[in-house]
Amino acid sequence: LIYQQGVALSPVGTRARVEGVLERFPDGRLNVVVAGTTRFRLIEETAGRSFITARVGDLDDIGDSPSEPEVAACLAAFAETQVGAEVPGLDGRSEGLAFAVAAAVGLPNEIKQELLEMLSERDRVVALTEFLAGPAGAEIRAREIEQRASGNGKVDHF
């Protein structure tokens, strides 16, 4: 998966695994749930297919891990967005924490892409904590409250 803004492709994407099929349409299309696996960097777009193709290379972190207080702050900011809902099981380990929280919160695509492009889990955790603790976190909380109110307290997450 790679984020496209207009005609430009982002320099970083993620490989994905299909987790399940939500809906099958008569014409053969499917609505699926996918989970990101590993990140890649775009090396070169290729041509000759009816869809976008490219050569890619692996992208690994080169930065530090977050400290225990940074992990705790991120988890606390995340919990605040859940408005009394059961917080999805996050084990509190720093590895992959930012991506797990980002997936659970439903961040705007631009923010998800920024996190994807960062080369340090510490940088991702700190940036995500700041995002969730600021006005955007309040917006996420308001959206969660609205969903709960319209669903008589029930919100389906998958």
Exercise for the section: Considering each of Thr81, Thr129 in turn, give the residue that is at pLDDT below 85 and crowded, with 16+ Cβ neighbours inside 10 Å. Expected result: Thr81
Handout entry: Meets criteria (under 15 Å from Glu95 (Cα atoms) and surrounded by 14 or more Cβ atoms within 10 Å (Cβ to Cβ)) for Val12
Key = no
Problem - All strands (runs of 3 or more DSSP E) inside region 1-91 with 1 or more residues being in contact (Cβ under 8 Å) with a residue 60 or more places away in the chain and charged (D, E, K, R) - result: 30-46
Fill in the blank from the handout: Within region 114-149, residues being of a type in the set (S, T, N, Q) and farther than 23 Å from Ala72 by Cα number 1
Handout entry: Which listed residue, of Val33, Val71, is of a type in the set (A, V, I, L, M) and touching a helix residue (DSSP H, G or I) at 6+ places or on another chain (Cβ under 7 Å)
Key = Val71
Problem - Of residues in region 31-48 being over 21 Å from the mean Cα position of the chain (by Cα) and either at pLDDT 95 or above or not β-branched (Val, Ile, Thr) (or both), the one surrounded by the fewest Cβ atoms within 10 Å (Cβ to Cβ) - result: Gly48
Practice task
Mind counting the residues in region 106-121 that are buried (at least 19 other Cβ atoms within 10 Å of the Cβ) and more than 21 Å from Gln5 (Cβ to Cβ)?
Solution key: 1
Problem - Some residue of region 89-103 being modelled with pLDDT of 85 or more and surrounded by fewer than 10 Cβ atoms within 10 Å (Cβ to Cβ) - result: no
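The values are calculated or read from the model by the stated rules, or taken from the named source; none is laboratory data. All of these numbers come straight from a predicted model, not from anything done at the bench. Heads up, the Cβs are rebuilt from the backbone with ideal geometry, glycines too, and the neighbour counts pull from every protein chain shown.
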